[in-house]
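Down below is the structure, laid out as structure tokens.
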Amino acid sequence: MNADARPVIKPIRNGVGAFAAMKAVFARDLKVAFRQKQDLLNPLLFFVMVVSLFPLGVSPEVSFLREAGAGILWVAALLSVLLSLDHLFRHDFDDGTLEQLVLQPQPLFLLVLAKTLAHWMLTGLPLVLLTPVLGVMVHQEGNSIAVLCLTLLIGTPVLSLIGAIGAALTLGLRSAGVLLSLLIIPLYIPVLIFGTGTVAAAADGASVGAYVALMAAFLVLAVTLAPFAAAAALRISLSNG
Amino acid sequence: MSEPLLQAVNLQCERDERVLFRNLSFSIVPGTVTRVEGPNGSGKTTLLRILAGLNDAWSGDLKWCGEPRSSVREEFQRNMLYLGHRPGIKSLLTPMENLRALMAARRPMPDDVLRQALAGTGLSGFENVPCRNLSAGQQRRVALARLLIADEPLWLLDEVFTAIDADGVNAIETLLQQRAAEGGAVVVTTHHDLRMDGMKKIVLGGGAADEC
Amino acid sequence: MWQWFHKLGSPKWFFGIATRFMPWLLILGLGLLAAGIVWGLAFAPKDYLQGNSYRIIFIHVPTAFIAQSAYIMMAVAAVVTLVWRMKLADVFVKAVAPVGLVLTFLSLFTGAVWGKPTWGTWWIWDARLTSMLILLFLYGGVIALDRAINDEKSAARAVAVLVLVGVVNIPIIKYSVEWWNTLHQPATFKLTEKPSMPAEMWVPLVLSILGLYLLFGWLACLRMQTEILQREQRTKWVREMITAGRS
């Protein structure tokens with residue numbers, strides 16, 4: 001295969017920096033995702049369908065939808081993020097890319113952070129962009145929709161980050177999808193409470209600055225802690241394989 | 001004799017309440033090819049995954065250049081290349097994109113070097129075909145193209161000859177031998193008969209029956 | 001110190017010690033619990049607001065209290081599992097999780113029974129009850145994950161990570177549920193508010209908490225012993241013990 005003589009092999013002292021490696025992981029995940037566009041659309045379709053179940057299943061009355069709309073959108077967004085989480089590491093696990101990722105000479109939690117960011121860009125962010133349309137459909141007022149979008153913008157990355165831990169823990173297990181939901185839903189409750197609570201406060205005319213700040217604090221906490229837990233969980237799951 | 005790169009002292013591994021191996025000690029020195037031998041289920045892949053740092057279910061000592069491996073993990077990973085059963089190739093990406101992404105984590109290379117490496121494994125003309133349209137052997141060759149441009153001193157190769165044709169096997173044998181001559185260290189598991197001079201061996205499969 | 005720590009990690013040593021302590025835990029626990037409950041149910045004064053129905057706190061509060069502290073104990077054991085890889089720690093987590101689940105369920109059940117005469121309904125989304133419900137979910141997740149992973153060592157470490165993630169979340173969950181509660185139903189009177197509980201009420205309460213604690217310890221030891229026997233069934237000491245028991 002190769003005939004050229006190469007220089008004598010020496011230990012490698014300087015490798016690729018963490019930031020460059022993160023960028024590469026991020027770019028590859030986006031590229032892979034755009035080759036399989038249907039996978040990107042599925043959580044969005046799911047989101048729309050779950051939201052439309054409520055008028056159909058409970059009541060299409062304006063007063064009910066106005067009252068419950070923010071909660072419905074939040075729950076639907078939470079469920080679609082949950083649905084998409086199974087993909088976060090599974091394909092990489094199946095084709096061996098994950099082994100290579102774990103063995104990269106950079107801190108694993110940073111690489112996990114890059115992957116999770118890509119996951120959010122591909123699922124959470126589109127949900128936020130779709131929210132104004134669905135907000136109008138469940139009779140939310142302009143101000144509520146704006147606050148709803150803001151809470152989802154801060155909240156969905158938290159969902160992705162916490163979800164990454166669950167996805168890493170259930171990697172390679174039978175019925176991983178259901179198990180993942182069981183593990184992660186209890187941990188989603190605070191974000192859900194504050195997400196919908198903030199919108200409710202805004203609808204009552206209260207100032208939401210403090211709540212938004214609190215949600216931002218959740219995000220900071222999730223960014224700093226979740227990648228460590230997810231990285232540890234990935235090593236454990238791979239060790240099993 | 002030069003300093004060992006990787007040193008294993010009294011390695012022991014149990015899996016599903018069965019002892020795969022115990023009191024396993026060996027050194028991997030630069031300039032050698034070491035073959036891990038043993039029947040199916042004797043723990044060849046497990047041993048390689050332990051050496052790579054993927055499997056944590058072992059006891060004993062592993063040293064990298066004299067230091068405990070756990071304390072120099074990043075340095076170890078920078079100097080070690082592992083190719084497993086699963087080749088680490090994304091089927092939605094092309095060979096070029098795959099190779100570029102894999103090298104981006106270790107040593108980014110200009111595209112023509114990558115193209116040359118792919119050509120070296122017989123993939124010229126397939127650079128921009130999505131990998132899912134390639135055969136299993138061709139997909140594996142994408143992973144093997146890394147070996148032509150990798151500069152890590154230690155290679156851990158698990159069943160690299162799977163799905164590779166006879167010519168390919170010969171070429172890899174030559175490559176590994178040349179690698180050893182240049183001062184690299186290679187550990188392989190394979191069912192193929194490797195014909196190489198001065199090859200070292202680690203034989204597994206003795207400790208399976210005894211109980212504690 | 002390290003030798004002691006190492007010894008503590010040995011399943012065989014633990015098995016022996018536990019066998020010696022367990023009768024005491026059982027007797028003392030039952031005694032205290034019986035004293036607390038009999039005192040509380042029969043002799044403590046009536047509550048001026050709730051009458052006799054409040055007396056269920058002598059069961060409700062101990063179960064809720066120990067269900068919560070069991071999770072904290074599991075978290076401590078989880079740290080030990082991840083950092084020192086001590087076998088006993090993960091045996092503890094595995095043995096205690098179902099006990100915690102049952103205690104959480106009991107506290108929810110007694111809370112519901114209490115709610116019926118107090119609020120006129122079996123279930124109210126009261127902050128404490130809701131927190132306990134979420135704790136039930138957390139326990140459920142831990143047990144589900146443990147059962148799903150075949151490999152014992154991987155299961156132990158994965159569960160440890162999950163328990164730690166859970167324990168970081170518990171204060172956040174508690175705080176947010178309380179906030180949510182004030183948002184949705186302000187100024188209902190709380191179940192376990194005890195600003196001025198007379199000594200005749202809290203002494204039996206403390207007794208039953210202590211008693212249940214000891215019983216919990218006994219049950220944890222028993223379950224740990226079972227787990228140890230299962231894991232170490234191939235070792236010499238287990239075989240010797242069993243053959244000695246047979247003859």
Anchor C:Lys46: aspartates and glutamates whose Cα lies under 17 Å away (excluding residues fewer than 8 positions away in-chain): C:Glu193, C:Glu200
For the protein assembly as shown, convex hull of alpha carbons as volume per residue, Å³: 189 Å³
C:Met241 paired with B:His191, simple spin-label distance in nm, labels 7 Å along Cα-to-beta-carbon: 4.4 nm
Chain C: angle of helix C:199-231 to the longest principal axis, Cα-based, in degrees nearest 10: 30 degrees
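Looking at the P(r) of the range A:169-217, how many percent of alpha-carbon pairs lie beyond 16 Å? Working shown, then result.
Numbers: 618 of 1176 pairs.
So the pairs more than 16 Å apart make up 53 percent of the total in the range A:169-217.
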Amide H within-cut-off set for B:Phe21, under 5 Å, with H built and near neighbours excluded: B:Cys13
Evaluated at q = 0.13 Å⁻¹: base-10 log I(q)/I(0), Debye formula over Cα of chain C: -0.90
Angle in degrees between helix C:236-246 and the longest Cα principal axis of chain C, rounded to the nearest 10: 80 degrees
Two-decimal Rg to Rh for chain B - Kirkwood Rh, Cα set: 0.97
Chain A: DSSP helices with Cα axial extent of at least 27 Å and average Kyte-Doolittle hydropathy no lower than 1.0: A:37-57, A:142-169, A:176-203, A:209-240
Under 5 Å, built H, 5+ apart or other chain: amide partners of B:Ile202: B:Arg35, B:Val36, B:Glu37
The range A:70-112, Cα convex hull volume normalised per residue, Å³: 58 Å³
If the convex hull is drawn through the Cα atoms of the range B:89-151, its volume per residue in Å³: 66 Å³
Per-residue [θ]222 nm for chain C (sum of -39500 (n - 2.57) over DSSP H runs n ≥ 4, rounded to 500): -28000 deg cm²/dmol
Approximate shape of the range A:38-240 as ellipsoid semi-axes (Cα gyration tensor, √5λ), whole Å, largest first: 32, 18, 13
Dimensionless Rg over Rh [the range A:1-158; C-alpha; Kirkwood]: 1.17
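Just so you know, all these numbers are worked out from the coordinates, no wet-lab data involved. Keep in mind it's a predicted model, so treat the numbers as computed, not measured. Cβ atoms come from the backbone with ideal geometry, glycine included; neighbour counts cover every protein chain shown.
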